[in-house]
Amino acid sequence: MTVRIGVEEEFHIVEVETGLLAPRADAMLEELPQGTFTTELQQATVESNSGVHESLAGLYDDVIRARRRLDAAASAHGLAVVAAGTVPLARIQDTRPTDGRRYRHMVDEYRMIADEQLICGTHVHVDVPDRDLAVRLMCELSPWLHVLLALSASSPFWLGADTGYASWRTMVWQRWPTAGPPGCFADAAEYDAAVQCLIDSGVISDAGMIYHDIRPSAHQQTLELRICDACPRAETVVLIAGLYRALVTEARERLETTDAPACPGRHEWLRAASWRAARSGLEGVLIDPETRHEAPAAQVVRRLLGRVRPALEAAGDWHTVRDLAERALATGSAAHRMRRTADEDDLLACTDLAIAETRGDDQPRRRPAAPARHVASPARPVAYPSGAGRAGLAGR
């Protein structure tokens, strides 16, 4: 039987005219069904939860429907939603935390880490029959997760500056105390004991604050992928979901049918691999999990395709996933497209591109022509006035 999958997508809420973040999640959610759409820590973010699907086609249709409903709810308030790791013109003062005891605690305890949680991700859930297997699978899958991050990379800009990274969201996210590779555990009891130890230490308040790149879900019988940026194009979500499900299937079959070698340890390279993927995306090199040496991103992606081809073929996903992967390699990461647009035009045009891709439009809407605006070099933020539109941001 085909293993079921589902996704959670986080979206930035922005003002259409300025591209600035808008803390309007509560207003939007009044027009959307509860459960399918929910709040996040910051009011400038809203989350969409898909249904459970056996086919990638069903997942794609679900993602598209959810995005259309979000777009309609946002448009009613003069807003738009953006599926990307970061938005180019974010400002910390343009958002506020969501009400609630848990969120208030996070803001009080983690201070600037919580204040600067202006990032969005894509999370993929794959059914796993039991928690012991889910915990063992984490170790098996971790060497390949940075490849999925590279495919998703969509956050080159931070607070008006070009960071030089393809996924700056990764850099922001890794400041949380439990972010990054999960390590290896013999079974669910050992994993749960480690989680409880973190809770008892006071560093986190509950199991929901385990922010590893991959984790067993606390509420569902799934293994959850958490490393990826939010993806402007729905096709990228489907590509990552298909590859991740195939990785889970391949590793599960290997563990169930062979005497897999014990974990060799030496996991420090996993964080380095994630850094490299965040830095380069698809436009540079990645660390090949089999050699642990740098290799062109296209070569590493195709190595992953070859590794999981039997699982993709068994699920009927091979042609879809292969074609989507080759298209991604040909067109480049979302970070590459966003940076190119900013170089050719400006950061507001970059935001328009992300809005259009989130909607599924071929082209962003046309705005009145304006003088080109300088895009800051890495680590040199742009200052821009409150409520500024294209004219107000031009000529810097």
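Can you tell me how much longer the chain between residue 267 and residue 76 gets when fully stretched, taken as 0.36 nm per residue apart minus their C-alpha distance, in nm with one decimal? Gain in length upon complete extension: 64.0 nm.
Our coupling estimate for the range 60-73, obtained by passing each phi through the Karplus curve with A = 6.51, B = -1.76, C = 1.60 and θ = phi - 60°, is 4, 4, 5, 4, 5, 4, 4, 5, 5, 5, 5, 4, 5, 5 Hz, Gly and Pro reported as x.
Spatially, the range 153-215 and the range 1-22 are offset by 19 Å when compared through their Cα centroids.
A simple count of charges around residue 288, restricted to other residues whose Cβ falls under 13 Å of its Cβ and scoring Lys, Arg +1 and Asp, Glu -1, yields +3. Between residue 192 and residue 130, the simple spin-label model (points 7 angstrom out along Cα→Cβ) gives 1.3 nm. With respect to the chain, whose longest principal axis is taken over its alpha-carbon atoms, helix 318-331 is tilted by about 40°. The angle between the Cα long axis of helix 131-141 and the main principal axis of the chain comes to about 70°, on a 0 to 90 degree scale. DSSP finds beta bridges in the chain, and of those with both partners inside it, around 90 percent are antiparallel. Couplings 3J(HN,Hα) for the range 108-124, derived from phi with the Karplus relation 6.51 cos²θ - 1.76 cosθ + 1.60 (θ = phi - 60°), are 5, 7, 9, 6, 5, 4, 6, 4, 9, 7, 9, 9, 9, x, 10, 10, 10 Hz, where x marks Gly and Pro.
Of the accessible area of the range 90-198, computed with a 1.4 Å probe over protein heavy atoms only, carbon and sulfur atoms account for 52 percent.
Stretched out straight at 0.36 nm per residue, the stretch from residue 111 to residue 254 would grow longer than its current Cα-Cα span by 47.1 nm. Coordinate range of the alpha-carbon atoms in the range 94-135 per principal axis, descending: 41, 20, 17 Å. Surface composition of the range 1-56: carbon and sulfur make up 45 percent of the accessible area, probe 1.4 Å.
Take the range 51-161 with all the other protein chains still there, run a 1.4 Å probe, and you get 36 Å² of accessible area per residue.
Treating each Cα of the chain as an identical point scatterer and summing with the Debye formula, the log10 of I(q)/I(0) at q = 0.11 Å⁻¹ comes to -0.76.
Stretching residue 201 away from residue 295 to a fully extended chain increases their span by 29.8 nm, per 0.36 nm per residue minus the current alpha-carbon distance.
Less than 5 angstrom separates the built amide H of residue 44 from those of 96, all sequence-distant by 5 or more or on a different chain.
Compute the long axis of helix 188-201 from its Cα atoms, compare it with the longest principal axis of the Cα atoms of the chain, and write down the angle in degrees, 0 to 90, nearest 10. It is inclined by approximately 50 degrees.
The values are calculated or read from the model by the stated rules, or taken from the named source; none is laboratory data. What you see is a predicted model; the values in this text were computed from it and never measured. When we count neighbours, we look across all protein chains shown, and the Cβ atoms used for this are built from the backbone with ideal geometry, even at glycine. When the accessible area is computed, the model is the full protein with side chains, heavy atoms only, and any ligands, DNA or RNA have been set aside. Shrake-Rupley method; radii C 1.70, N 1.55, O 1.52, S 1.80 Å.
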